[in-house]
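J.: Here you go, one structure.
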Amino acid sequence: MILPAHFFRCILLTAGVVLASSDACAQVQSENVADPIAELRTGLLTSLAQELTTHFNAEGELQLELARPWQPVTTKPGDANAGVTARLIEFPAALSSTLLLRVRVTEGSQLPREESVLCRAQLWRDAWVAQTPADRGDFFDPAVCDVRRIDALRERDAIPASFINSTDWSYLRPVPAGRLLTWRDLSRRALVRKGQVIDVSALDGFLQINMKALAMQDGGKGETVRVRNIESRREFAALVVGENRAQVNF
């Protein structure tokens, strides 16, 4: 049987589509093959980030990425898991968006070597955002605020959501809705005010003495203020523990 020419053209076109699809699949598979050296480099950067987080007691997720090419290992790709470690030799003075790190790289049984690694750093954590407008003197209420993920190394003045989670704070100035709250926006709400007579408890073990004292300055919960004993006129420091209440431990 003699087949028409257009039949063979259809077969060739179909084969061409299949071949093209196979090439595309091979390309995708090739792109998905992990680079062992890149994975190792990422692992070493993660290890350095953990060291920095522990040293600075940093709150949040510290991420490092290379600011310039760095080849931390000389192993061949097939030997990428051959026991390579990188440790910081000395810590920077502070965390910042750009860090020049001195590291000691140990590779298998080879002698350790020191290298400089330039990194870009990001410290991701949650911070408070005003959900509704607030006026000066209003009490801060976390229940009516939103949380936004921010880079604390760029938004250094932003207030961490984990740090202020009570209504013991008040607004120092008007704040519009949607603004990231900073330390310039809030202060501890004054529970003790200058010129007020307050209750002071003096504790010495199981012994407690209560007295009246004149507050010499404003103070929020957990802050230390100067007070003056009404009877003896002696001044001393006391810890603010509540509304018009302070405490002294001997």
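The values are calculated or read from the model by the stated rules, or taken from the named source; none is laboratory data. Nothing here was measured: the structure is a model prediction, and the numbers come from that model. Cβ sites come from the backbone with ideal geometry, for glycine too, and all protein chains shown count toward neighbours.
J.: Kindly list the number of the only condition in (1) outside any loop (DSSP other than H, G, I, E, B); (2) buried (at least 17 other Cβ atoms within 10 Å of the Cβ) that fails for residue 153.
T.: Only one criterion is unmet by residue 153, namely (1).
J.: Let me ask another. In the stretch 190-207, which residues are surrounded by fewer than 18 Cβ atoms within 10 Å (Cβ to Cβ) and either basic (Lys, Arg) or under 33 Å from the mean Cα position of the chain (by Cα) (or both)?
T.: Those that are surrounded by fewer than 18 Cβ atoms within 10 Å (Cβ to Cβ) and either basic (Lys, Arg) or under 33 Å from the mean Cα position of the chain (by Cα) (or both): 193, 194.
J.: Tell me which of these residue 204 doesn't satisfy, since it passes every other one: (1) free of Cβ contacts under 8 Å to residues at least 40 places away in the same chain; (2) assigned by TED's automatic domain parsing to the domain that holds residue 238.
T.: Tallying (1) free of Cβ contacts under 8 Å to residues at least 40 places away in the same chain; (2) assigned by TED's automatic domain parsing to the domain that holds residue 238, residue 204 fails exactly one: (1).
J.: Considering each of 107, 155 in turn, give the residue that is modelled with pLDDT under 95 and acidic (Asp, Glu).
T.: Step by step, each of 107, 155 is checked, and only 107 is modelled with pLDDT under 95 and acidic (Asp, Glu).
J.: For the stretch 216-227, which positions are within 15 Å of residue 248 (Cα to Cα) and either surrounded by fewer than 14 Cβ atoms within 10 Å (Cβ to Cβ) or touching a residue at least 24 places away in the same chain (Cβ under 8 Å) (or both)?
T.: 219, 221, 222, 223, 224, 225, 227
J.: Free of Cβ contacts under 8 Å to residues at least 40 places away in the same chain and on the phi > 0 side of the Ramachandran plot: is that true of residue 195 in this structure?
T.: The answer is yes for residue 195.
J.: Still on this structure: Where the second residue is assigned to a strand (DSSP E or B) and of a type in the set (Asp, Glu) and the first is at pLDDT below 80 and surrounded by fewer than 16 Cβ atoms within 10 Å (Cβ to Cβ) and lies in the stretch 73-94, which pairs have Cβ atoms under 8 Å and are six or more apart or on separate chains?
T.: Pairs that qualify, where the first residue is at pLDDT below 80 and surrounded by fewer than 16 Cβ atoms within 10 Å (Cβ to Cβ) and the partner is assigned to a strand (DSSP E or B) and of a type in the set (Asp, Glu), are 74/107; 82/107; 83/107.
J.: In the stretch 150-160, is there at least one residue being β-branched (Val, Ile, Thr) and either in the same structural domain as residue 53 (by TED's automatic domain parsing) or over 14 Å from residue 60 (Cα atoms) (or both)?
T.: No, every residue in the stretch 150-160 fails to be β-branched (Val, Ile, Thr) and either in the same structural domain as residue 53 (by TED's automatic domain parsing) or over 14 Å from residue 60 (Cα atoms) (or both).
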